[in-house]
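Shown next, in structure tokens, is the structure this report addresses.
None of the figures in this text is laboratory data; all of them are computed from the coordinates on show. What you see is a predicted model; the values in this text were computed from it and never measured. FYI the Cβ positions are ideal-geometry reconstructions off the backbone, even for glycines, and counts take in every protein chain you see.
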């Protein structure tokens, strides 16, 4: 399978998924700007108390070099759920 065909299939599948699932695919494919946009939609579309999309949006922000945007997300995750991937979240927060 060519990379262009793989991209098109991934993009087609992504359209059928919820925004947070679509964002996870983009994050895995290192398409960080698209991932952040989908996480924004997932977080803004419903009031979420789940740390995962907020944490992953912070990761996308760091990869985009937007450390100022990453800090509030990572602070939120570390303050709300100290057990949630705590060592990595704290390390990413220190990096940001």
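The modelled label-to-label distance between residue 4 and residue 21, using points 7 Å beyond Cα along the C-beta direction, is 2.9 nm. Arranged from fewest to most other beta-carbon atoms within 10 Å of their beta carbon, 3, 20 become 3, 20. Most tightly packed first, judged by the mean number of other beta-carbon atoms within 10 Å of their residues, the peptides 32-44, 51-63, 68-80 read 51-63, 32-44, 68-80.
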